[in-house]
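Quick notes on the structure that follows.
The values are calculated or read from the model by the stated rules, or taken from the named source; none is laboratory data. The structure presented is a predicted model; accordingly, all values stated were derived computationally and were not measured. No Cβ is skipped: glycine too gets one built from the backbone with ideal geometry, and neighbour counts run over all protein chains shown. With ligands, DNA and RNA removed, areas are computed over all heavy atoms of the protein, side chains included. Shrake-Rupley method; radii C 1.70, N 1.55, O 1.52, S 1.80 Å.
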Amino acid sequence: MDTAEREKKFQEKIDSGLKVEAKEWMPENYRKQLTRMISQHAHSEIVGMLPEGNWITRAPSLRRKAVLLAKVQDEAGHGLYLYSAAETLGIDRKTMIDQLLSGRAKYSSIFNYPTLSWADIGAIGWLVDGAAIVNQTMLARGSYGPYSRAMVRICKEESFHNRQGYEIMYHLANGTPEQKAMAQDALNRWWWPSIQMLGPSDAQSKNSEETMRWKIKVESNDTVRQRFIDRTVPQAHAAGLTIPDPDLKFNEETGHWEIGEIEWTEFYRVIKGHGPCNRKRLKARQEAEREGRWVREAAAAYAAKQRARAVQAA
Amino acid sequence: MTEKEARFEYLIRLGDNALILGQRLGEWCGHAHQLESDIALTNIALDNVGQARNLLTEAGKVEGKGRSEDDLAFFRTENEFRNNLLTEQENGNFAQTITRQYLFDVFQFHLYSGLCSSTDDFLKGFAEKSVKEVTYHRKLSGDWMVRLGDGTEESHDKMQEALDILWPFTGELFEKTEADEILIASGAVPDLEEIKKIWIEETSAKIEEATLTIPDTMGYMARGSRDGHHTEYMGYILAEMQALPRSMPDATW
């Protein structure tokens, strides 16, 4: 079978709604795009541990501390799971981590924003995980089997985080005046980055046609973004919080919430490395890698000694 | 000292140990040398915070003044804390964290094992549940002791240095107070003398297997936590942990 014929069969398979599995033939660009996407997602889980980890030692009650620890542990688990999903495409974890540390691989730009108050932990769960769920529910319908199944599993845990995050915000918004101000301030700072997190607008988005045809994505960024807005705005209102957008309005005809213009300049600047915490986040990961080198070397040396001892004993 | 006061002190001691160690381990989150270890350390932190919640809640009930787990965690001052000095020592590098963990895990494991036959229903139930968690912690930290002690020259040196730093803080794990005497008499808690014997035997064997040496401190062992005297680290731990609730004492979270 020549490549054109294989590609045709591949497309037919995708069109018929079947999943592509790890060992099957796939176009090189399909493999490349998925590898990029899954590893980027894995990196986001790992880097995302940092802004939330920032509040573990300062969580204001023991219950909140335990819940936050469990949540960040979940994120590490997602990272592990996603690195494994990417490995099915023929790349290993070490290569992916090297790409992250050298700045060649991206992670979700939202984690370049700081967590300045306890309410930010609520905002991340509610808004960032909320946006992630909407996106990942879409990705769960994608064509690559291992990734799509990972998304189903991860979404379940994210829904839990999302509810916990909203519950933190709701509680603060209905607490003392200082707590309410803290919640509103967090919403003000996290709203637009969360909106941007779902990717460039359809008009600007590269690779869209191919990723849609191959069902790597099954809906466009703007469609997913609108779904996130429609479900989040009423939640803000229910908590008594104000969305920081003077142009926000409900369109009776379409039944959708319409937002003002998105400030894309900031989005691209942060992606290019110039956000409030880009350097800090990358430095933390680089340090973990550097500080961990002797531990990994020792573990390998010990394993080698054990093997040699086993041979000697035999 | 009444039996009630003895129970309160004992519960606070166990609860503070779990809380402060959990707090320390939580600092690692996102910074460990590999994902698997990050998950393991966070998991141990979570188990300890969970144990602390049970113990401090019970302590509040025993005391009978209406204090909750959070009142006890966030609104006590440094000299009211009864955690062992070992638990508050800095994380340092992974060698130091894992050595602290191992020395404490073996202690906690045998203490909880002893509490499983307590005449006190709460302690018995608590210990039966928690000893399962600690069994896993002790296995994990013990394996790392050997792996790093008997790994490379560099890892061996780091582990020996960690052991030299931490060993002097192990003595007061076994110090008894009036509360111990009262509770031993009623069969509520095991005798720390007995735990000490098992602990010495087990840790010495592991340290030898890890090709490490117990340091000679010329008989010096740090002490103080039984009287609320801590090391220089403790003030910073509490400053960080308690800042938010103390800054808004009327708020609920």
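Computed quantities for the displayed model
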item: Environment charge of residue B:22, counting only residues whose C-beta is closer than 12 Å and scoring Lys/Arg +1, Asp/Glu -1; result: -2
item: Residues residue A:218 and residue A:6, FRET efficiency given R0 of 22 Å [Cβ-Cβ distance, rounded to 0.05]; result: 0.45
item: Inter-chain shielding of A:168-180 (mean C-beta neighbours from other protein chains, 10 Å cut-off); result: 2
item: Sites residue A:271 and residue A:153 - FRET efficiency at Förster radius 22 Å, r taken between beta-carbons, to 0.05; result: 0.20
item: Cβ-placed point charges (K, R +1; D, E -1), dipole of the protein assembly as shown about Cα centre in debye, nearest 20; result: 1660
item: Amide H partners (placed H, <5 Å) of residue A:144, local residues excluded; result: A:20
item: For chain B, convex hull of alpha carbons as volume per residue, Å³; result: 124
item: Shielding score for B:246-253, defined as the mean number of other chain Cβ atoms within 10 Å; result: 5
item: Tensor-based shape of region A:169-288 (alpha-carbon gyration tensor, a/c under 1.5 rounded, otherwise prolate or oblate); result: oblate
item: P(r) weight above 24 Å for chain A, C-alpha pairs, percent; result: 58
item: Centroid-to-centroid separation of region B:164-206 and region A:46-116 [C-alpha atoms, Å]; result: 39
item: Region B:13-76, relative contact order [Cα under 8 Å, separation at least 6], %; result: 34
item: Rough spin-label spacing in nm, given labels placed 7 Å along Cα→Cβ, for residue A:293 and residue A:309; result: 2.8
item: Angle in degrees between helix B:94-115 and the longest Cα principal axis of chain B, rounded to the nearest 10; result: 50
item: Highest-first arrangement of A:305-313, A:195-203, where packing means the average Cβ count within 10 Å; result: A:195-203, A:305-313
item: Cβ-placed point charges (K, R +1; D, E -1), dipole of region B:3-247 about Cα centre in debye, nearest 20; result: 640
item: Rg [Å, one decimal], Dmax [Å, integer] - the protein assembly as shown, C-alpha atoms; result: 26.5, 88
item: Sites residue A:106 and residue A:15, calculated FRET efficiency, Cβ-Cβ separation with R0 41 Å, nearest 0.05; result: 0.85
item: Under 20 Å, Cα to Cα: Lys pairs in region B:141-253, sequence gap 8 or more or different chains; result: 5
item: Positive dipole terminus of region A:235-286, leading residue within A:262, A:239, A:278 (C-beta point charges); result: A:278
item: Per-residue [θ]222 nm for the protein assembly as shown (sum of -39500 (n - 2.57) over DSSP H runs n ≥ 4, rounded to 500); result: -22000 deg cm²/dmol
item: Ranked packing of B:7-19, A:57-69, B:216-228, most packed first, by mean Cβ within 10 Å; result: B:7-19, A:57-69, B:216-228
item: Region B:12-160: equivalent-ellipsoid semi-axes (sqrt of 5 x gyration tensor eigenvalues, Cα, Å); result: 29, 17, 12
item: Spacing of the two label points (7 Å from each Cα toward its C-beta) at residue A:262 and residue B:185, in nm; result: 7.2
item: Paramagnetic reach from residue B:135 in region B:45-65 [backbone N under 20 Å; point 7 Å along Cα→Cβ]; result: B:45-52
item: Å² per residue, accessible surface of region B:3-247 at 1.4 Å; result: 38
item: Projected label distance in nm at residue B:119 and residue B:4, using a 7 Å step from Cα toward the beta-carbon; result: 1.9
item: Rounded to whole Hz, the Karplus (6.51, -1.76, 1.60) HN-Hα couplings of region B:70-78, x for glycine and proline; result: 6, 4, 6, 6, 9, 10, 9, 8, 3
